[in-house]
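What follows is one structure encoded as structure tokens, with my remarks underneath.
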């Protein structure tokens, strides 16, 4: 099954009480088949997550296991490290990609909070790839990705499996650390250019957006991108219900061919969409379905 939409959950350095309990409930009840979930967790949580997923028979297949297990391709839950050291890998306190390859399938690469002055996106990505892991690559714009994929060493290091699982997260520099997400109209050109760059090199990668996303502002980004990356919100009590809403939204078709740009600064929540008469009838119906689904889910939880 080709799972079309990615939800990446970057826990950063946060934890909250009862999250493991909520995760257990989600895994027990999870029947979502149109979303791939990737949990990017601190190093100290990798073993715990592996144990939780194993208990629910949600195996986190390592790259070597994926090669030998035909059912691994149908998995829709994966585990990612938040960073790895590619320079001085054997130095005190450093954690290398080779140390992580039996604990996860992905590693975040180039996140703004982990970049140093001498950081090399290409060297880090190549180190992750050569250890049979998949980099989730953060870029500020399409030009940064262009420089990366023009690096022959980077392209040569990718296996056929990795080249089709590459994930790029667009996080514009001017909006890093801001309280609000980048307006959708400012992202459309970068998204188009990144998709073209990947297509020209026969890379079937996902292009996602990350930065200040929450349950109220995600919908235009779900419409445009192949996936989204949550930060602190991924540990919110609203996170798992939002996953179900996204799944329902995707099944009802995303906002397409609307008469008005779906800008996150224009639409603060789904009710605003329902009140906008300039949208097409199809978009109104989709937004209405989402609102109704949320009410039904809330009622079900309260019973």
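Which of the residues that make up segment 72-117 are modelled with pLDDT under 90 and in contact with a helix residue (DSSP H, G or I) (Cβ under 6 Å, 6 or more places away or on another chain)? Correct list: 72 only.
Residues of segment 169-180 that are out of contact with any strand residue (DSSP E or B) (no Cβ under 7 Å at 6 or more places or on another chain) and within 24 Å of residue 148 (Cβ to Cβ): 172, 173, 174, 175, 176, 177.
Taken together, the criteria place residue 156 among residues that are within 25 Å of residue 119 (Cβ to Cβ) and assigned to a helix (DSSP H, G or I). For segment 92-107, the set of residues classified as closer than 19 Å to residue 38 by Cβ and outside any loop (DSSP other than H, G, I, E, B) consists of 97, 100, 106, 107, listed by residue number. Summed over segment 122-141, the residues that are touching a residue at least 60 places away in the same chain (Cβ under 8 Å), within 18 Å of the chain's Cα centre (by Cα) and surrounded by fewer than 20 Cβ atoms within 10 Å (Cβ to Cβ) give a count of 0.
Conditions (1) in contact with a helix residue (DSSP H, G or I) (Cβ under 8 Å, 6 or more places away or on another chain); (2) at positive phi; (3) modelled with pLDDT of 90 or more, marked per residue:
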{"position": "188", "(1), (2), (3)": "yes, no, yes"}
{"position": "199", "(1), (2), (3)": "no, no, yes"}
{"position": "206", "(1), (2), (3)": "no, no, yes"}
{"position": "212", "(1), (2), (3)": "yes, yes, yes"}
{"position": "220", "(1), (2), (3)": "yes, no, yes"}
{"position": "265", "(1), (2), (3)": "no, no, no"}
{"position": "286", "(1), (2), (3)": "yes, no, no"}
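Which one is surrounded by the most Cβ atoms within 10 Å (Cβ to Cβ), of the residues in segment 164-175 that are part of a loop (DSSP other than H, G, I, E, B) and either touching a helix residue (DSSP H, G or I) at 6+ places or on another chain (Cβ under 9 Å) or without any contact (Cβ under 8 Å) to a residue 40 or more places away in the chain (or both)? Step by step, filter segment 164-175, then rank; the result is 171. For segment 108-121, a residue qualifies if it is surrounded by 18 or more Cβ atoms within 10 Å (Cβ to Cβ) and more than 22 Å from residue 46 (Cβ to Cβ), and exactly one does: 121. Restricting segment 142-158 to residues that are surrounded by 17 or more Cβ atoms within 10 Å (Cβ to Cβ) and under 25 Å from residue 186 (Cα atoms), the residue that is modelled with the lowest pLDDT is 149. Scanning segment 13-38 for residues that are over 15 Å from residue 238 (Cβ atoms) and surrounded by 18 or more Cβ atoms within 10 Å (Cβ to Cβ) turns up 30, 32, 35, 36, 37, 38. Reported count of residues in segment 27-46, each being outside any loop (DSSP other than H, G, I, E, B) and in contact with a strand residue (DSSP E or B) (Cβ under 9 Å, 6 or more places away or on another chain), is 11. In segment 192-219, of all residues being outside any loop (DSSP other than H, G, I, E, B) and within 15 Å of the chain's Cα centre (by Cα), the one that is surrounded by the fewest Cβ atoms within 10 Å (Cβ to Cβ) corresponds to 206. Considering 161, 178, which residue is part of a helix (DSSP H, G or I) and modelled with pLDDT under 95? Criteria check complete, one pass: 161.
Checked against the criterion of being farther than 26 Å from residue 95 by Cα and at pLDDT 85 or above, the candidates 5, 39, 43 yield just one match: 5.
The values are calculated or read from the model by the stated rules, or taken from the named source; none is laboratory data. Since we're looking at a predicted model, the values are computed, not measured. Cβ coordinates were reconstructed from backbone atoms using ideal geometry, including for glycine residues, and neighbour counts include every protein chain displayed.
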